[in-house]
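Asker: Next up is a structure, given as structure tokens.
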Amino acid sequence: MTNTPLDDPNILRRSNFLLPKGTIYMDGNSLGPSSLASNKATQDVLNNQWEQDLIKSWNVHSWIDLPKKVGSKIAPILGAAPDQVIACDSISVNLFKLLSAGLKINDERKIIVSEQKNFPTDLYIAQGLSELLGKDKCELKQVEKHEIEDALNDEVAILMLTHVDFRTGEMLPMERITKLAHQHGVLVLWDLAHSAGAVPLELDRWNVDFAVGCGYKYLNGGPGSPAFMYVSKRHLRHLKQPLTGWMGHASPFSFEPEYSPAEGIEKALCGTPPILSFAALDGALNAFEGLDMMQVRAQSNSLKLHFLATMTEILQTNPDLKLVTPEDEERQGSQLSFSHPHSYAIAQALIDKQIIVDFRAPDILRLGFTPLYLSHAEVDKAAKTLRNIVQDGSYLNAKYQTRNKVT
Ligand SMILES: *Cc1c(COP(=O)(O)O)cnc(C)c1O
């Protein structure tokens, strides 16, 4: 029998989060929960700022500065000095800006290398850009994970990778791959959707060129939360992004007829920021202030380890259930993924017992380990419940088979 390890009181701050009673939330890798701070910040915009101060709020409540302010709150979580991170738009849109900008910097080259199993939007955006610029200016080359290093050569302009695989939870060695790419003059763009707020990052120290990430996953910014982007200081001055909207102008309120980009990271902006969503993300980020990401990582590893220890026997005896996340902790993000022919139904059966997990096609059951609000006792209960469901076949019940539009 394994004992349930103790929680680290410096990391677990469950009372800050607004989770329904009795719910074990293991889907923070997909949509982080609401929090008191997020709720309060949003209410403040709604009930005080917008209602009372109306349009003055752009100045008196500094709405106009929110993309930059929120970006600087995210910067330490990424291991980035301030002024290189800004919050705006979605990952998809930010990828479009950065891929275009990267091709301009590396303008003798046209190839974007990515991984075939990358999150589809990353591939779709590169395909759309290639369509727009023409195949002689931009070409996407998709390779397998084990082919990434071999695909790097002097013809490649940009390597675009997701750090933690959304299906398997596998984490790539960012520092090593970035270094290898640079040896061939290749720029590197990392998608941190499943990394920011989950694992320690050192973008500056690892010499990363560009990165994008999500506000609504591990950063708990709420549904549709603004994404963020990182541009290394060494590229900022020359960076030219194609979505030249007025918010990225050097002087938006001069209303000049010619576009001229802002000096700093503000040039990455396009249109008016969604202030309600920004307020929610701004509040949510308070949870990360002064937080040591190494300690978060240690707790996340401890939660995963306990979960796996509880699952050891069934993984050995039930050939249908397989761990698809690498066993080596160094190669894991903050999620564990299992494959099973009935993963969808198993996820539904767990949700029915208030253990919220999710499913990814074709057969992956995903569980997020988020030590800010998830305890070892909850993880213990989740593992035992999953074990029972797989063993007793209760997932075969007809009510667990119907698929929703969003999985
Ligand atoms: C969730 C996720 C996205 C989401 O992109 P949006 O454009 O913000 O909707 C992108 N990339 C990865 C790897 C993701 O997991």
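The values are calculated or read from the model by the stated rules, or taken from the named source; none is laboratory data. Because the structure is a prediction, the values reported are computed rather than measured. No Cβ is skipped: glycine too gets one built from the backbone with ideal geometry, and neighbour counts run over all protein chains shown. What goes into the accessible areas is simple: the full protein's heavy atoms, side chains included, and nothing from ligands, DNA or RNA. Shrake-Rupley method; radii C 1.70, N 1.55, O 1.52, S 1.80 Å.
Asker: Multiply the residue gap between LYS56 and ASP392 by 0.36 nm, knock off their C-alpha separation, and tell me the result in nm, one decimal place.
Answerer: The span from LYS56 to ASP392 would gain 114.9 nm if fully extended.
Asker: Cross-link list LYS353/LYS399; LYS110/LYS240; LYS40/LYS217; LYS97/LYS405; LYS145/LYS405; LYS73/LYS233: which exceed 23 angstrom alpha carbon to alpha carbon?
Answerer: Long pairs (Cα-Cα over 23 Å): LYS97/LYS405; LYS145/LYS405.
Asker: Using a Gaussian network model of the chain whose springs link C-alpha atoms within less than 10 Å, name the residue from GLN332, GLN316, GLN348 with the highest mean-square fluctuation.
Answerer: The residue that fluctuates most here is GLN316.
Asker: Lys/Arg Cβ at +1, Asp/Glu Cβ at -1, dipole of the chain taken about the Cα centre: which of GLY264, ASN153, MET311 is farthest positive-ward?
Answerer: MET311
Asker: Still on this structure, I have one more. If DNA, RNA and ligands are ignored and the probe is 1.4 Å, what is the ranking of SER195, SER30 by accessible area, most exposed first?
Answerer: My answer, sorted largest first, is SER30, SER195.
Asker: Kindly identify the stretch 127-194 as rounded, prolate or oblate by the Cα gyration tensor criterion: order the square roots of the eigenvalues as a ≥ b ≥ c, call it rounded if a/c is under 1.5, otherwise compare a/b with b/c, prolate if a/b is larger, else oblate.
Answerer: Oblate, since a/c reaches 1.5 and b/c is not below a/b.
Asker: Going by the alpha-carbon gyration tensor, a ≥ b ≥ c the square roots of its eigenvalues, is the chain rounded (a/c under 1.5) or, if a/c is not under 1.5, prolate (a/b greater than b/c) versus oblate?
Answerer: It comes out oblate by the Cα gyration axes.
Asker: Then there is this: Which of these, LEU396, LEU203, LEU98, has the largest mean-square fluctuation under a Gaussian network model of the chain (Cα springs below 10 Å)?
Answerer: Maximum among the listed residues: LEU396.
Asker: Given a Förster distance of 22 Å, report the FRET efficiency between GLN43 and ARG14 from their Cβ-Cβ distance, rounded to the nearest 0.05.
Answerer: 0.55
Asker: Could you give the dipole magnitude of the stretch 160-259 about its Cα centre, charging the beta-carbon of Lys and Arg +1 and that of Asp and Glu -1, in debye to the nearest 20?
Answerer: Rounded to the nearest 20 debye, it is 180 debye.
Asker: For the stretch 75-184, what class follows from the C-alpha gyration tensor (a ≥ b ≥ c being the square roots of its eigenvalues): rounded when a/c is under 1.5, otherwise prolate if a/b is larger than b/c, else oblate?
Answerer: rounded
Asker: In nm, to one decimal, how far is the ASP352 label point from the GLU289 one, both placed 7 Å along Cα→Cβ?
Answerer: Between ASP352 and GLU289, the simple spin-label model gives 4.4 nm.
Asker: Considering only DSSP beta bridges where both residues belong to the chain, give the percentage that are antiparallel (nearest 5).
Answerer: 55 percent
Asker: Counting only the heavy atoms of the protein chains, how much of SER394 is accessible to a 1.4 Å probe, in Å² to the nearest 10?
Answerer: Number for this one is 40 Å².
Asker: Net charge within 11 Å of ILE125 by Cβ-Cβ distance, Lys/Arg positive one each and Asp/Glu negative one each, not counting ILE125 itself?
Answerer: Computed value for this residue: -2.
Asker: Please check: in the Gaussian network model of the chain (C-alpha springs, under 10 Å), which one of PRO76, PRO341, PRO273 has the largest mean-square fluctuation.
Answerer: Fluctuation is largest for PRO341.
Asker: Also: If we count every other residue with Cβ under 12 angstrom of PRO273's Cβ, Lys/Arg +1 and Asp/Glu -1, where does the sum land?
Answerer: Its environment carries a net charge of -2.
Asker: Any idea of the accessible area per residue across the chain, 1.4 Å probe, to the nearest Å²?
Answerer: On a per-residue basis, 45 Å².
Asker: Starting from the amide H of SER35, placed 1.01 Å from N in the peptide plane, find each other amide H under 5 Å away whose residue is 5 or more places distant or on another chain.
Answerer: LEU18
Asker: Calculate one ³J(HN,Hα) per residue across the stretch 33-41 by plugging θ = phi - 60° into the Karplus curve 6.51 cos²θ - 1.76 cosθ + 1.60, and present them in order as whole Hz with x for glycine and proline.
Answerer: Using θ = phi - 60°, the values come out as x, 6, 9, 4, 5, 5, 4, 5, 5 Hz.
Asker: Summing Lys, Arg as +1 and Asp, Glu as -1, what charge do residues with Cβ under 11 Å from the Cβ of HIS194 carry, HIS194 excluded?
Answerer: Residues near HIS194 contribute 0 overall.
Asker: Sort ARG360, ARG331, ARG403, ARG387 by heavy-atom solvent-accessible area, probe 1.4 angstrom, most to least.
Answerer: ARG403, ARG331, ARG387, ARG360
Asker: Using a 1.4 angstrom probe and counting only protein chains, how large is the accessible area of HIS61 in Å², to 10?
Answerer: We get 70 Å² for HIS61.
Asker: Quick one: putting +1 on the C-beta of Lys and Arg, -1 on the C-beta of Asp and Glu, what dipole do you get for the stretch 276-407 around its Cα centre, in Debye to the nearest 20?
Answerer: Charge dipole of the stretch 276-407: 480 debye, to the nearest 20.
Asker: In the chain, what percent of the accessible surface is made up of carbon and sulfur (1.4 Å probe, ligands and nucleic acids excluded)?
Answerer: Whole-percent figure for carbon plus sulfur exposure: 52.
Asker: Follow-up. To test your reading of the geometry: what angle, between 0 and 90 degrees and rounded to tens, separates the Cα axis of helix 376-392 from the longest principal axis of the chain?
Answerer: Helix 376-392 and the main axis of the chain meet at about 60 degrees.
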